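Worksheet for the structure shown next.
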Amino acid sequence: MRISTVQTYRQGIEAFGKQQTKLSVLQQQISTGVKINKPSDDPAASSRILELQEAVSIQEQYQVNIEAADTRLQIQEASLAALGNISHRLKELAIQGNNSTLDITASGAIAVEVEEILKEMIAIGNVRDANGDFMFAGYQNKTQPFAAISTGSISHIVYNGDDGQRSIQVSETRQMVVDNPGSEVFYRLPSAIALNELASIANTGTGVVAPAKVLDASIYVPGDYEIRFTAPGIYDVFDVTNGANIVTGATYVDSNNIDFQGIRTSITGTPAAGDVFTVSQGQYKDIFESVQVFADTMRGGTSAVQRDANIGEFLTDLDAFLTRTLELRTSIGGRMNSLESQKESNDGNILVKKTTISNLRDTDLAQAISKLTLEQATLDAAQAVFARITKSSLFNFLR
Amino acid sequence: MPDMLNTAVSGLLTFQRALSTTSHNISNVNTEGYSRQNVEIATNTPTSLGDSFYGNGSHIDAIARSYDQFLTKEVRDTTSVHSRLEKFGELTAHLDDVLADPQGGVAPILQEFFVAVQDVADDPTSSTARIAMMDMGDTLASRFQSIDNRFQELSENTAAEIRRVVDEINDLVLAIRDVNIALTNANAGGNITQQSSDLLDKRDLLLNQLAERVDISVVNEQENHISIFIGNGQTVLSDTVAFPLSTQASIGDPTRDSIAYNGLITVTDISSNLTGGELGGLLEFRRTALQTARNSLGRTAIALAETMNAQMRDGMDLNGNLGQDFFTYRAPEVYAFTTNTGTATVSGAISDATTLTLDNYVVDFDGANWNITSDSGTTASVPNGAPATLVFEGLTLTINGAGANPGDRFTIKPTLEGSSILQVAITDPREIAAALPIRTQTSLSNLGQIEVSPGIVTDVTDPNLLNTVTFTFDSPATSFTSNSDVVVGGVPYLAGASIPFSNNMVIDANGWQTSISGTPQPGDVFTVESNVGGVGDNRNALNLANLQHLGVLDGGIATIQEDYGRLVGYVGSITRAAGIERDAQESLLVQAIDRKDSRVGVNLDEEAADMIRYQQAYEATARIISTVQTMFETLLNSVR
């Protein structure tokens, strides 16, 4: 086959071009350390690397979330621990107070300390986190959950929060609950002297019944009682179980104490004739009420029998509360342990993914450098051959 | 004797011309497209003297141009294919470069956006986290925009190149026509002269340059003229008459040029018939790779916006209002064909991002129905109306068909501009809806133990969503009543009706759903109420964060990130494939050129040998002349 002169030169130049391209690619791979610089270098690997990078980013975020969850649980745990300590102190005071040789001054001193402790408990209930949000308010954490108000003559603590619990995503499939609402911590404590009060739906007056409490456990008889207004200023207290009045024709004074069977409540407003207010045996009470009753008991004017019965009930309530705090703390501890192991698992996951990314993307330096050497040798050979072949020409031999 | 002189002189002239041809070949060894010229030496007519014929020397019969029609055509055709692949490869490499920088793409910002969403979920009341989420949303939107801008630049550059190539094609056709005319003049004598050889070489070179730009077929006419056809048989050069190409806005899409053929009588759009050369590569790139890339990016942006918006709307913000759209994006582009005669209008909206495809659509009216056809060929139709609604592949088209004429058509581009106008719509970080609109509560004075699930939203558009619904247990507590109509366990109950209780029953009402379990006592109460004030609630923020994992495209298979990853993979693959094809075609082209060169190229050694040969012949002939001179002198001397 005949070769034209142009062909010889063209072949040589093309060979150089191809070799130099290969060398340039290798140079880039070695100097950047990365063998995939554009999607076209390895389309399937490029897509996969994007997926893996997203997965790593998500896992790293879960670690951040776990930190946030941990912090929140720790604040809760600390608060519950403080409540536990308070309960122990109250127990000491209760045992102290149940000594009939105490005089009015001593028991009065106990009452003062208990009132202070009550304020402390309320303050713990109103504790805020680092953002200034209330911890124990459920979802409504910009609203202070616990406040002291008075209805009639009864002052009591109301819960302004809700039952909401926050969850945090700690892994792809797992959300962890990281707080407990105030209603779960301080309320719904089982008690034998819990009371429920209810205004009948049929009432036409404007009377509001205050939360009832057992002020004298020694004479308290569990049952259902009705405060029936026979006239705007006169009421009976009817014992539903026995079917008879225990108080008849008492005079109603707005916001005065209404005492019967060891129960104290109060009505405020203007009830109409025929209005009925029920005080029935309940199932659960809140710890604030128990502590308040204890303070009232110690403040004085109580008989030894009454004091003995009241303190007995108070100790039962304290035990229930202590059990509650311990249960919650155990649960929190368990969750924190779980978070720890989830964190480790996430770490392992992240490492595996990063390794895979590196395998897909990074240059194997040893391999690339030996390839570079080979291609360079090929280029040198091509250049040498070109120089030699283009030297031969018939014209060289003509005179 | 005089004859001997004449014979010698004829030889001298012959070898002179042969040497001149050899020197012409040597001078043109590096001329592109030059075909080697051979001298064909023939003997002169002999004279008859008596019984014998005496030779009369030689003459140059012809200076033949080395030429092989088949090889020349092969080179031209392979050049067309190679140019197309090279241009296509060059353009897809630009797309590749846009997506090459791993930090410059959408992926890292998309991830940081969802990190910001999770930070809001971890701390819903923190204004820092909310502001960060809005900022990342802005950054994400601008990242989509900037990538689309680069695609758009590429689109504009492609359009400019198309115009340039069309101009060059017209210029080349005119140049070839001029060569045809020059050949007529040069061939006046009826023989091929040296000048016409060079003209033919020049014309072949021009044809090659034309073939680089568009695929052509060449037909030989009389007197060495040629005619050139392109596309589907449109004549661009008929002997000496040229028909130009031009670019004009396509009738269905003002943003896209079509190639028009200006024939004798009509102007036709031949864009779909041009498949080779640079022009073919440019058109193919515009129609496939570029359109797919932009539509894909747009679709990813739209899917992100739609799913974020839908989830936001399901929630409640810090102000106690139901959530609103987080992103805005552009509605689908609709273009009426310039040939429409009716007055119908069409507008489009994205109704279901999960079923969006990467196609563009054409909607046409056939007199009774509106038919929609996608690029892939899927169709649907709806009878005419004012308005008529057509729901197809994630699009909802609203057609005002009053005054529509048969043959009216519209182009719909749903995803093309999806990422170019993506923006964060809310301005106040408090408007990020991290909470759910409802919460559940059990009364603190309940005697029993009931657990109510926190509740989920099933239909945020229900007008009664935020009404407080109270459930009270009867005595005995085996049933309960509600103060509103509800559906429990699939069975509807009116307000006040007695609902039998069983553990883990599901309650639906007013657009929400909850479930209850436990051991209730008579008189126990639980409520579902509006979550106004529940600013610490992060349930919707958790849902927003979960969108990162959700399959939202392709009918629920691909996540946002995966959809973007597909774009990267697609661009990478076609670039790689184009490179491989181009390299393969390059080998074929080099082989074709080599074959042609081996037939028509100049070899310097060959020419050197010819040069020696003719030079020696010339010397020998010159020696004959001096011998004749000596013979003549001898003759003259002998008769003195």
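Readers should treat all values here as calculations from the given coordinates under stated rules, not as data from a laboratory. Given the structure is predicted, the values throughout are model-derived calculations rather than measurements. Using ideal geometry, Cβ is built from the backbone for each residue, glycine included, and neighbour counts are taken over all protein chains shown.
The mean count of C-beta atoms from other chains within 10 Å of the C-beta of residues in B:543-550, rounded to a whole number, is 2. Summary value for chain B: 18 percent relative contact order, contacts being C-alpha pairs under 8 angstrom separated by 6+ residues.
Would you mind giving the mean number of other chain beta-carbons within 10 Å of the Cβ of each residue in B:449-460, as a whole number?
Counting Cβ atoms of other protein chains within 10 Å of each residue's Cβ and averaging gives 1.
Can you count the Lys pairs in chain B whose Cα atoms are under 25 Å apart, with each pair 8 or more apart or on different chains? Could the numbers behind the result be given before it?
On the way: B:Lys73/B:Lys87; B:Lys73/B:Lys202; B:Lys73/B:Lys596; B:Lys87/B:Lys202; B:Lys87/B:Lys596; B:Lys202/B:Lys596.
For chain B, qualifying lysine pairs total 6.
Only one residue of B:Asn483, B:Gly518, B:Thr472 has its Cα farthest out toward the positive end of the dipole of the stretch B:438-530, where Lys and Arg carry +1 and Asp and Glu -1 on Cβ, and that residue is B:Gly518.
Placing pseudo-labels 7 Å out from each Cα toward the beta carbon at B:Asp459 and A:Asn256 gives an inter-label distance of 5.7 nm. Here is how the number arises for chain B: DSSP H runs of 4 or more residues each give -39500 (n - 2.57), the sum is divided by the residue count, and the result at 222 nm is -15000 deg cm²/dmol.
Derived scalar couplings between HN and Hα for the stretch B:610-621 equal 4, 4, 4, 4, 5, 5, 5, 4, 4, 4, 4, 5 Hz in order, rounded to whole Hz, by the Karplus curve 6.51 cos²θ - 1.76 cosθ + 1.60 (θ = phi - 60°), x for Gly and Pro.
In a reduced charge model with +1 at each Lys and Arg Cβ and -1 at each Asp and Glu Cβ, the stretch A:195-282 shows a dipole moment near 80 debye about its Cα centre. Listed by chain and number, the aspartates and glutamates placed with their C-alpha closer than 13 angstrom to that of A:Lys119 are A:Glu289; residues fewer than eight positions away on the same chain are left out. By the count of other C-beta atoms within 10 Å, a proxy for reagent exposure, A:Ser331, A:Ser47 are ordered fewest to most as A:Ser331, A:Ser47.
Given Cα positions, please report Rg to Rh for the protein assembly as shown, the hydrodynamic radius being the Kirkwood one. Working shown, then result.
Values: Rg = 48.6 Å, Rh = 38.3 Å.
Across the protein assembly as shown, the Cα-based Rg/Rh ratio is 1.27.
Let me check against my output: what whole-number percent is the relative contact order of chain A, with C-alpha pairs under 8 Å and at least 6 apart?
Numbers: 631 pairs, mean separation 92.5, N = 399.
It comes to 23 percent, rounded to a whole number.
Working from Cα pairs under 8 Å separated by at least six residues, relative contact order for the stretch A:195-282 is 44 percent. Cα axis of helix A:287-299 to longest principal axis of chain A: angle in degrees, 0 to 90, nearest 10? Roughly 40 degrees between the two axes.
Other chains near A:54-65: what is the mean number of their Cβ atoms within 10 Å of each residue's Cβ? Please list the in-between numbers first.
On the way: counts 13, 2, 1, 9, 8, 0, 2, 12, 1, 0, 4, 5.
Per-residue shielding by partner chains comes out at 5.
Per-residue HN-Hα couplings for the stretch B:21-29, Karplus 6.51 cos²θ - 1.76 cosθ + 1.60 at θ = phi - 60°, whole Hz, x for Gly and Pro? Working through the residues one at a time gives 5, 4, 5, 4, 4, 5, 4, 9, 4 Hz.
Amide H contacts under 5 Å for B:Ser479: B:Asp474, B:Phe501, restricted to partners 5 or more places along the chain or on a different chain, H placed in the peptide plane at 1.01 Å from N. Of the residues A:Lys391, B:Lys413, B:Lys73, the one with the fewest other Cβ atoms within 10 Å heads the list, and the complete ranking is A:Lys391, B:Lys73, B:Lys413.
For every helix of n ≥ 4 consecutive DSSP H residues, a contribution of -39,500 (n - 2.57) applies; sum these over chain A, divide by its total residues, and give [θ] at 222 nm rounded to the nearest 500 deg cm²/dmol.
On the way: 7 runs with 208 residues, N = 399.
-19000 deg cm²/dmol, from helical runs alone.
Report, in listed order, any pair from A:Lys22/A:Lys353; A:Lys38/A:Lys354; A:Lys38/A:Lys371 with a Cα-Cα distance greater than 23 Å. Long pairs (Cα-Cα over 23 Å): A:Lys22/A:Lys353. Amide H to amide H, with H built 1.01 Å from N, B:Ser250 comes under 5 Å of B:Arg256, B:Asp257, B:Ser258, counting only residues 5 or more places away or on other chains.
State the answer as a single residue: which of B:Gly57, B:Gln103, B:Phe113 lies farthest towards the positive end of the charge dipole of the stretch B:32-124, with beta carbon charges of +1 for Lys and Arg and -1 for Asp and Glu, about the Cα centre. Towards the positive end, the residue furthest out is B:Gly57. For the stretch B:26-98, a simple Cβ point-charge model (Lys and Arg +1, Asp and Glu -1, everything else neutral) yields a dipole of about 180 debye relative to the Cα centre.
Between B:Ser479 and B:Ser127, the FRET efficiency estimated from the beta carbon spacing at R0 = 45 angstrom works out to 0.45. When peptides B:79-91, B:513-525, A:244-256, B:533-545 are sorted by average Cβ neighbour count within 10 Å, with the highest value leading, the order is B:533-545, B:79-91, B:513-525, A:244-256. Less than 5 angstrom separates the built amide H of B:Gly323 from those of B:Gly315, B:Met316, B:Asp317, all sequence-distant by 5 or more or on a different chain. Rounded to whole numbers, the Karplus 3J(HN,Hα) couplings from phi for the stretch B:409-420 are 9, 9, 9, 10, 10, x, 10, 4, 9, x, 9, 7 Hz, using 6.51 cos²θ - 1.76 cosθ + 1.60 with θ = phi - 60°, and x at Gly and Pro.
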